[in-house]
Amino acid sequence: MRAIDGAPRIGSWLGSILNGFSEEIHTRPFLPLKSVRIQQLADRGFNCVDFRSWLRGELNVSVLKEFFEKYGSISLRTFTEEHPDAQTPKLPVMYGMHDWDSILEFCARHNRQYHTLVNQSLPLEHSLMAGHIIIDGEWVTLAAFEGYGTPRDVDERVSRLKVHQGKFGDPVAGWVSEELANLAMRLRHFQPIRPVTFEFSLYSYPVGVLKTPVVLWEWRGGAAYDLRTVISRLLPNTRHELVIELPRSPIARS
């Protein structure tokens, strides 16, 4: 188990500096719950993985087991209420679980405190690229790394981060595939908050409910603390293409 669904260390630190270490109580209303946000993407025709969710204290074991038996490998997540401008909370998660007893124990234990979401697993080792698309009006920032991992590995678990920043209509960086460029253009018309972060993975074969190479995991807030947003705020409002080398720390595998 690893708490990867959490605020990145580097982005959190720099974001706090640029935000003046503000400790004020957030006055903007909560975001829709994670499960609602994923469903909103699916309802708008974006590719997501199949999932089930339960509110705190409402875990349905029979539905959970049926979902597990359907796929044979599922990922287990916990989530809670989130403010748009806050860092993403650090909560327990387990990927690629095959053992029913472990699945039941994890979900039953954490559902007492958090909401529960389970989804169809995708092989992390088959991921070609994972990262974020951040949109703020006419500006779009794409940041990704190649190879094994999830979008939450971007900020501190990879050694080479590719970043593109520009306005819609600007030429995109060479590493941005046609699938990603088209996805960003479609997401331009779906901005429930500003700025908004979309998490994606790119595979070499069709995945998810709609069977396309790119899958979206969710949209969320907290973009002020994302490393690539911090980078973009340190740069002039012009088009940029960056490759950032970071000290490598191993990506934990579960």
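None of the figures in this text is laboratory data; all of them are computed from the coordinates on show. These numbers were taken from a predicted model, which means no experiment stands behind them. Cβ placement follows ideal geometry from the backbone for every residue including glycine, while neighbour counts extend to all protein chains displayed.
Here the residues Trp175, Trp219, ranked from fewest to most Cβ neighbours within 10 Å of their Cβ, fall in the order Trp175, Trp219.
Sorting Ser201, Ser35, Ser102 by the number of Cβ atoms found within 10 Å of their own Cβ, with the fewest placed first, yields Ser102, Ser35, Ser201.
Amide H to amide H, with H built 1.01 Å from N, Ala86 comes under 5 Å of Gly222, counting only residues 5 or more places away or on other chains. Cross-link partners for Lys211 among the lysines, with Cα-Cα distance under 25 Å and sequence neighbours closer than 8 places in the same chain left out: Lys34, Lys65, Lys70. The alpha carbon gyration tensor of segment 70-140 gives principal lengths a ≥ b ≥ c with a/c of 1.5 or higher and a/b no greater than b/c, which makes the shape oblate.
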